[in-house]
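Chemist: This is the structure, below, for whatever I ask next.
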Amino acid sequence: MEQYPKVYLYRRIVQAKLFIDKNYAERIDLSYISDEACFSKFHFTRLFKTIYAKTPHQYLTWVRIEKAQQLLREDKSVSETCFLVGFDSLTSFSGLFKRNVGVSPSSYQAQMQQLKLAIKKSPVSFVPSCFALQHGWFEK
Amino acid sequence: MITKMTITNIHVLNQDSAYDFYVNKLGFKLVDDIPMGPESRWLTVSPPEQPDLQLVLFPVTVSKIFPKDVAETLIGLIKKGIFGCGVLTCNDIFATYEELKAKGVEFIKAPTKEFYGTEALFKDDSGNYFSLQPLNNFGNENSI
């Protein structure tokens, strides 16, 4: 079934999605992506939203916030994270982060640091007992 | 009364490679990656929209759990592609198929219309296979 209906449309939309995944940290012009995919901006946005349930812009924001969470867990500073994921403004980054994650970037980082400390202190308490027993991981 | 499945095993040949496959190719979320001594690691991932189900990427190595003969047999069966690990659901099977193919995932069956709906089959980096099906597998499977 390689030639399923509208295969050419699917491939172009998927390529656009992969472009966002790869270049989220750059200044991405969504008009450029729709031009590259040979769609009008309106048609491109409609097809993208049908497939991914998000507009390309919403998807880009989602990818950036996901990556930001990863960087904050890796102890990058909030301002460094903001610019590394492609935001120009710390205020808009913090606002979008809080709207999507439920807490501010600094609170999120503090929570993750606490969790890491707890894991380091007693790693086995984060593993279900049945698995820990099977592996012989119980702490003496 | 049982209410949910929360943790299940996927037996893998190499945890580093499995991490790359499940997180970077399938887009699963990393839940735990906890070193448990010099040679052990508790590694779990979740499907992106199902955080309450953890898949343990469970390495098959000679150990207390797997004596040498058992480990060798299990590794042989995994490599042969004997184990089907379940059905993964997506919003749009054609878009998901194209994306995973572009990321180098090996499909053993392209999206195919069956009497029960449209299905594709792919293998993970170890050899385990999964069925891929759209969320609404009895409606209009081509969404655009």
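The values are calculated or read from the model by the stated rules, or taken from the named source; none is laboratory data. Given the structure is predicted, the values throughout are model-derived calculations rather than measurements. Please note: Cβ atoms are built from the backbone with ideal geometry, for glycine as well, and neighbour counts cover all protein chains shown.
Chemist: Does B:D69 satisfy the condition of being at negative phi, out of contact with any strand residue (DSSP E or B) (no Cβ under 6 Å at 6 or more places or on another chain) and touching a residue at least 12 places away in the same chain (Cβ under 8 Å)? Spell out the reasoning first.
Modeler: Details: at negative phi: yes; out of contact with any strand residue (DSSP E or B) (no Cβ under 6 Å at 6 or more places or on another chain): yes; touching a residue at least 12 places away in the same chain (Cβ under 8 Å): no.
So B:D69 fails the test.
Chemist: Here's something else I'd like to know. Of all residues being within 14 Å of chain B (Cβ to nearest Cβ), charged (D, E, K, R) and under 22 Å from A:K67 (Cα atoms) in segment A:11-54, which is surrounded by the fewest Cβ atoms within 10 Å (Cβ to Cβ)? Just the residue, please.
Modeler: Filtering segment A:11-54 for residues that are within 14 Å of chain B (Cβ to nearest Cβ), charged (D, E, K, R) and under 22 Å from A:K67 (Cα atoms), the one surrounded by the fewest Cβ atoms within 10 Å (Cβ to Cβ) comes out as A:K22.
Chemist: In this structure, does B:L74 turn out to be outside any loop (DSSP other than H, G, I, E, B) and touching a residue at least 40 places away in the same chain (Cβ under 8 Å)?
Modeler: On the way: outside any loop (DSSP other than H, G, I, E, B): yes; touching a residue at least 40 places away in the same chain (Cβ under 8 Å): yes.
Yes; evaluated as a whole, the condition is true for this residue.
Chemist: Please go through segment A:20-43 and pick out each residue that is outside any loop (DSSP other than H, G, I, E, B), touching a residue at least 12 places away in the same chain (Cβ under 8 Å) and either over 27 Å from A:L84 (Cβ atoms) or among the aliphatic types (A, V, I, L, M) (or both). Before the answer, list the steps.
Modeler: To start, the set of residues in segment A:20-43 that are outside any loop (DSSP other than H, G, I, E, B) comprises A:20-23, A:30-36, A:41-43.
After this cut, where a residue has to be touching a residue at least 12 places away in the same chain (Cβ under 8 Å) as well, the list is A:20-21, A:30, A:33-34, A:36.
Those that are outside any loop (DSSP other than H, G, I, E, B), touching a residue at least 12 places away in the same chain (Cβ under 8 Å) and either over 27 Å from A:L84 (Cβ atoms) or among the aliphatic types (A, V, I, L, M) (or both): A:I20, A:L30, A:I33.
Chemist: Have a look at B:E114, B:E106, B:E99 and point out the one that is under 25 Å from A:A16 (Cα atoms) and exposed (fewer than 15 other Cβ atoms within 10 Å of the Cβ). Reasoning before the result, please.
Modeler: Working: B:E114 fails: under 25 Å from A:A16 (Cα atoms); B:E99 fails: exposed (fewer than 15 other Cβ atoms within 10 Å of the Cβ).
Just one listed residue meets the conditions, B:E106.
Chemist: Still on this structure: Filtering segment B:1-29 down to residues that are more than 17 Å from B:L53 (Cβ to Cβ) and hydroxyl-bearing (S, T, Y), which residue is farthest from the chain's Cα centre (by Cα)?
Modeler: B:S17
Chemist: Would you check if A:K76 is of a type in the set (K, R), without any contact (Cβ under 8 Å) to a residue 40 or more places away in the chain, part of a loop (DSSP other than H, G, I, E, B) and not assigned by TED's automatic domain parsing to the domain that holds A:R12? It would help to see each step written out before you state the result.
Modeler: Details: of a type in the set (K, R): yes; without any contact (Cβ under 8 Å) to a residue 40 or more places away in the chain: yes; part of a loop (DSSP other than H, G, I, E, B): yes; not assigned by TED's automatic domain parsing to the domain that holds A:R12: yes.
When the stated conditions are applied, A:K76 passes them.
Chemist: Hey, among A:G86, A:G102, which residue is exposed (fewer than 14 other Cβ atoms within 10 Å of the Cβ), under 16 Å from the mean Cα position of the chain (by Cα) and outside the structural domain of A:L18 (by TED's automatic domain parsing)? Give the steps one after another, and end with the answer.
Modeler: Numbers: A:G86 fails: exposed (fewer than 14 other Cβ atoms within 10 Å of the Cβ).
Of A:G86, A:G102, the one residue that is exposed (fewer than 14 other Cβ atoms within 10 Å of the Cβ), under 16 Å from the mean Cα position of the chain (by Cα) and outside the structural domain of A:L18 (by TED's automatic domain parsing) is A:G102.
Chemist: I need a count of the residues in segment B:8-24 that are within 12 Å of another protein chain (Cβ to nearest Cβ), over 19 Å from B:T89 (Cβ atoms) and in a strand (DSSP E or B). Reasoning before the result, please.
Modeler: Quick first cut of segment B:8-24, residues within 12 Å of another protein chain (Cβ to nearest Cβ) only: B:8-9, B:23-24.
Subset that is over 19 Å from B:T89 (Cβ atoms): B:9, B:24.
With the extra rule that they be in a strand (DSSP E or B), the set shrinks to B:9.
Residues flagged as within 12 Å of another protein chain (Cβ to nearest Cβ), over 19 Å from B:T89 (Cβ atoms) and in a strand (DSSP E or B) within segment B:8-24 amount to 1.
Chemist: Among the residues of segment B:76-85, write down those that are more than 16 Å from the chain's Cα centre (by Cα) and either under 21 Å from B:T44 (Cβ atoms) or of a type in the set (F, W, Y) (or both).
Modeler: Result: no residue meets the conditions.
Chemist: So, one more: Select from segment A:117-140 the residues that are in a loop (DSSP other than H, G, I, E, B) and out of contact with any strand residue (DSSP E or B) (no Cβ under 7 Å at 6 or more places or on another chain) and write down the one among them that is surrounded by the fewest Cβ atoms within 10 Å (Cβ to Cβ).
Modeler: That would be A:K140.
Chemist: I'd like the full set of residues that are under 19 Å from B:P47 (Cβ atoms) and in a strand (DSSP E or B), limited to segment B:86-110.
Modeler: B:G86, B:V87, B:L88, B:T89, B:C90, B:F107, listed by residue number.
Chemist: Give just the number: which of (1) within 14 Å of chain A (Cβ to nearest Cβ); (2) under 18 Å from the mean Cα position of the chain (by Cα); (3) outside any strand (DSSP E or B) does B:T61 not satisfy?
Modeler: Here B:T61 clears every test but (2).
Chemist: Scanning segment B:92-144 for residues that are out of contact with any strand residue (DSSP E or B) (no Cβ under 9 Å at 6 or more places or on another chain) and at pLDDT 95 or above, which turns out nearest to A:Y10 (Cα to Cα)?
Modeler: Across segment B:92-144, the extreme among qualifying residues is B:A95.
Chemist: Another one. Does segment B:25-47 hold any residues that are assigned to a loop (DSSP other than H, G, I, E, B), at pLDDT 95 or above and not hydrophobic (A, V, I, L, M, F, W, C), and which are they?
Modeler: B:G27, B:P47
Chemist: Please specify each residue of segment A:100-131 satisfying the condition of being within 11 Å of chain B (Cβ to nearest Cβ), out of contact with any helix residue (DSSP H, G or I) (no Cβ under 6 Å at 6 or more places or on another chain) and at pLDDT below 95.
Modeler: Correct list: A:K120, A:S122, A:P123, A:S125, A:V127, A:P128, A:C130, A:F131.
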